[in-house]
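Working notes for the structure below.
The values are calculated or read from the model by the stated rules, or taken from the named source; none is laboratory data. All of these numbers come straight from a predicted model, not from anything done at the bench. In this analysis, Cβ positions are derived from the backbone assuming ideal geometry, glycine residues included, and neighbour counts consider all displayed protein chains. Accessible surface is based on the protein model in full, side chains and every heavy atom, while ligands, DNA and RNA are left aside. Shrake-Rupley method; radii C 1.70, N 1.55, O 1.52, S 1.80 Å.
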Amino acid sequence: LPLVIVSTGIERDSGDVHGRMRPRYLEEHEEWVDRRGAMPPMVRFMHGVWEAAWRGKVALLSGDWKTFGHQMNENHRLVDEMMTYCGFVDGAGRINNMLIETALHSGALGAKLTGAGGGGSVLGLTYPGEEHKVVDAWEHAIAQNGLSAAKVFRPQIPSEGLIVKRG
């Protein structure tokens with residue numbers, strides 16, 4: 001799996017994000033169930049996230065990196081819009097969005113945050129053998145933005161599955 005990961009070094013409480021988004025979703029969903037009609041924004045966002053995840057899973061299982069990357073990008077677009085809608089000025093987070101754009105501009109097929117946004121980690125998907133392009137771009141962006149606690153990883157997942165080696 002041609003993934004690269006960057007940990008931003010920014011620690012935060014995901015409850016700060018979910019604590020704002022979940023009640024809004026539940027409220028809009030309840031109102032929508034009662035009256036039907038067009039999906040309200042939060043229901044539409046979450047439906048889109050579900051659809052991107054489902055389509056991404058199908059692409060991943062078939063080894064279709066280009067479609068999987070597209071679904072990663074769609075997922076991030078929806079999450080970023082949803083977070084903006086919920087009042088987060090920088091959407092999914094200024095640093096996350098910068099690292100995602102950096103990955104895409106350096107040849108990644110897809111890039112998205114992991115977790116609740118605002119910090120944490122970002123995944124990038126490349127064509128096999130091109131991971132170094134995103135790694136190099138991220139390392140440059142980290143240095144340029146003074147992200148001293150950030151770290152870039154190139155996970156190696158053998159066909160037997162994930163094996164953790166210590167030492």
Worksheet item: Points 7 angstrom from Cα along the Cβ direction at I10 and H140: gap in nanometres?
Response: 2.2 nm
Worksheet item: In what sequence, largest accessible area first, do V33, V43, V152, V89 appear using a 1.4 Å probe?
Response: V89, V33, V152, V43
Fill in: Crossing angle, helix 14-35 versus the chain [Cα axis fit, 0-90 degrees, rounded to tens]
40 degrees
Worksheet item: How far, in degrees from 0 to 90, does helix 131-144 lean away from the longest principal axis of the Cα atoms of the chain, to the nearest 10?
Response: 80 degrees
Worksheet item: Taking a 1.4 Å probe, which of R166, R44, R77 shows the most accessible area, and what order do the others take after it?
Response: R166, R44, R77
Worksheet, complete the sentence: With a Förster distance of 41 angstrom and the Cβ-Cβ distance between E51 and K165, calculated FRET efficiency to the nearest 0.05 equals 0.65
Worksheet entry | Cβ-derived FRET efficiency at R0 41 Å, W32 paired with H105, nearest 0.05 | 0.60
Practice prompt. Go through I95, Q144, G107 and say which Cα lies farthest out towards the positive end of the charge dipole of the chain; charges sit on Cβ, +1 for Lys and Arg, -1 for Asp and Glu.
Written response: G107
Item to complete: Calculate, for the chain, the solvent-accessible area per residue in square angstrom, rolling a 1.4 angstrom probe over the heavy atoms of the protein chains.
Response: 58 Å²
Discussion item. Leaving ligands and nucleic acids out of the surface, order Y85, Y127 by accessible area at 1.4 Å, largest first.
Written reply: Y127, Y85
Worksheet entry | Dipole magnitude of region 14-109, debye to nearest 20 (Cβ charges: Lys/Arg +1, Asp/Glu -1, about Cα centre) | 180 debye
Response to the item:
On the accessible surface of the chain, probed at 1.4 Å with all protein chains in place, carbon and sulfur together account for a percent value of 54 percent
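Starting from the Cα coordinates of region 22-111, work out the convex hull volume and express it per residue in Å³. Before the final figure, lay out each step's value.
Numbers: hull volume 8.7 nm³, N = 90.
Convex hull volume per residue, Cα atoms: 96 Å³.
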Worksheet item: For the chain, what number results from the quotient of the Cα radius of gyration and 2.2 N^0.38 Å?
Response: 1.11
Practice prompt. Specify the angular offset, from 0 to 90 degrees and rounded to the nearest 10, of the alpha carbon long axis of helix 94-105 from the longest principal axis of the alpha carbons in the chain.
Written response: 60 degrees
